[in-house]
1. Check the stretch B:38-56 and report whether any residue there is away from chain A (no Cβ under 14 Å), within 30 Å of A:Ile239 (Cβ to Cβ) and either in a helix (DSSP H, G or I) or hydrophobic (A, V, I, L, M, F, W, C) (or both).
2. For the stretch A:212-234, give me each residue that is assigned to a helix (DSSP H, G or I), of a type in the set (D, E, K, R) and either touching a residue at least 24 places away in the same chain (Cβ under 8 Å) or more than 11 Å from chain B (Cβ to nearest Cβ) (or both).
3. How many residues, within the stretch A:356-366, are surrounded by 21 or more Cβ atoms within 10 Å (Cβ to Cβ) and either over 13 Å from A:Leu315 (Cα atoms) or out of contact with any Gly (no Cβ under 6 Å at 6 or more places or on another chain) (or both)?
4. Does A:Leu195 fit the bill of being more than 14 Å from chain B (Cβ to nearest Cβ), closer than 30 Å to B:Ser112 by Cβ, surrounded by 13 or more Cβ atoms within 10 Å (Cβ to Cβ) and at pLDDT below 85?
5. Considering each residue of the stretch A:88-126, count those that are outside any loop (DSSP other than H, G, I, E, B) and β-branched (Val, Ile, Thr), and give that number.
6. Report whether or not B:Ile94 is more than 12 Å from the chain's Cα centre (by Cα), within 14 Å of chain A (Cβ to nearest Cβ) and either aliphatic (A, V, I, L, M) or not in a helix (DSSP H, G or I) (or both).
7. Could you list, in sequence order, the residues of the stretch A:129-146 that are exposed (fewer than 13 other Cβ atoms within 10 Å of the Cβ) and either at pLDDT below 85 or under 16 Å from A:Glu69 (Cα atoms) (or both)?
Amino acid sequence: MESLKKINGELLRKIEDLQDQLAEANDTIEAIRSGQVDAFVVTADHSNEVYTLRSADKTYRVFIEKMTEGAVTISTQGIVLYSNYQFATMVGANLSKVIGTSFSDYILHESVEIFNQRLKDFDGEDGKIELMLKGSNRNIPVLLSFGKLEWDDELSLSMIITDLTVQKNAQHELEKHNDQLEEINKALEDSNHDLQQFASVASHDLQEPLRKIQMFSNLLWEKLSHSLEPEDRSFLRKIERSAKRMKTLIVDVLNYSKLSSNSNQFTKINLNNLLKECVEDFEIIIAEKNATIDFGELPELEANAGQMRQLFQNLISNSLKFALPEKSPRIEINAHIVDRKSFNANPHQNGRYCHMIFRDNGIGFDQKYVDSIFGLFQRLHSKDCYEGTGIGLAITKKIVEKHCGLIRAVGVEGQGAIFSIILPLNQK
Amino acid sequence: MQVSKVLLAEDDFDDRMFFETFVTGRTDMLLLGAVGNGAELIETLHLRNTVHELPDIIILDQNMPRLNGLETLRLLKSKEEYTHIPVIIYSTYISDNLVESCLHSGASLVLSKPDGIDGYKAMLDKMITVVSIKDQSS
């Protein structure tokens, strides 16, 4: 009887144990079903045994396995409970070997401390850290995004590991390009500075000896011209002419370089008055060449007065210079307000741009040379036929550009040239 | 005819020679002397002041060692005994900035150095006007 009682008691305890185990198993099944569990860790005396499961929600798993990021679940002690294939590939390990190991084994020594600290501080809040992982044949910079995952009422971490190699390389490239850009900017600044220096040297130091040449040859001429042989007189004249040409060159180069440097000052300008003044400046040549300059109503616009004057001067002197020998030069200047910054723009009363047209009946030019017309020191004609430095139209173009405008030239050989200019009425 | 006494500060030997040559040909100008820079000019003025023989016009080259034209001009205009003397600054190249600074500091004229005989004569004609303008106003 005693023994029966004893057996009965043992059986009852066993039933209780089994009921407990059944409840636990039911809980586990429930956890697996709801996707809360990826693996079991059975803590043995000296090691962790891990059992992974193929969950019912296969699509989710396929997604995790196929994505390009690494996906890892770890315990708060840092043991890998689950890893996708991608992470194993990243660290160059066999997938089955990864699970159950310590995650910090895959972290490069210098990053381990950061990771451990974050793991220690983990309170269920989402977070991100950048780490270096030990890859199979190189170190991999990664972004580790982690979040809370319930694990049998115990806290665990789900982590997404993004390979930053491409981003880091791109960033590095970008930094390299930025550095290069900075260097180029510096070089540009230096060369601008050099240009300024050159302009200053040209303005003072080059003009000084030149003026002496002019003065002394002028004095020689005064003293000797009556007693000199005709050939020697022509030599002296050539010295004077060359010096004069040099002087023009220096002044033109100086003007050109000034345009590159200073910031522009704009004021409201009445182009009619400015053009009238310019035409008056050419009075003598106009009379000499029997030239006519006609111009219609020009608008008021915001511009640099000195530069606008130079623009008019250059274009008018250009037309007077390149006149046909058998024809009286005729220059027509017209302007109208247009609706946009284009040579094809339509006239528009309330437009924001001015389209100016300078038309002459001079020697014109072959349209195939149009690109070189505005270049510095570019000449279409020998300087023996037409004087000039080859800077005038380069200056003109620069002035237009300084005013955010457009300029173009159209020529017909033996018939004339047309210069069209678009200028904004207001400068920003 | 009134003869205007001129004192010149010019460090360039050739330019001094040009100046002397063209002034010598005139009856309305007398070159009291030519010195090599602004500092020397101030010293010369001090000496002349003691014997009551100050110039009617002071002409300064802009680019000179020790004291350049503009610096000398400012010094002269700060000294009561010299403020009445018209000062002219001339240079091979005169920038807009230089002209503005000189006029602002009290220069009567700012001129660029000529490159020929006619230009030189015209420049001296212009320089002598500062005396006649001054005479009319006083």
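1. Among the residues of the stretch B:38-56, not one is away from chain A (no Cβ under 14 Å), within 30 Å of A:Ile239 (Cβ to Cβ) and either in a helix (DSSP H, G or I) or hydrophobic (A, V, I, L, M, F, W, C) (or both), which makes the answer no.
2. Listed by number, the residues that qualify are A:Glu231, A:Asp232, A:Arg233.
3. 4
4. yes
5. Here the count works out to 5.
6. yes
7. Of everything in the stretch A:129-146, those that are exposed (fewer than 13 other Cβ atoms within 10 Å of the Cβ) and either at pLDDT below 85 or under 16 Å from A:Glu69 (Cα atoms) (or both) turn out to be A:Ser136, A:Asn137.
Here's the yes/no breakdown for (1) in contact (Cβ under 8 Å) with a residue 60 or more places away in the chain; (2) of a type in the set (Asp, Glu); (3) on the phi < 0 side of the Ramachandran plot:
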| site | (1), (2), (3) |
| --- | --- |
| A:Asn346 | no, no, yes |
| A:Gln349 | no, no, yes |
| A:Leu376 | yes, no, yes |
| A:Thr389 | yes, no, yes |
| A:Leu393 | yes, no, yes |
| A:Glu413 | no, yes, yes |
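The values are calculated or read from the model by the stated rules, or taken from the named source; none is laboratory data. Being a predicted model, the structure only gives us computed values, none of them experimental. With ideal geometry, Cβ positions are generated from the backbone for all residues, glycine too; neighbour counts draw on all protein chains shown.
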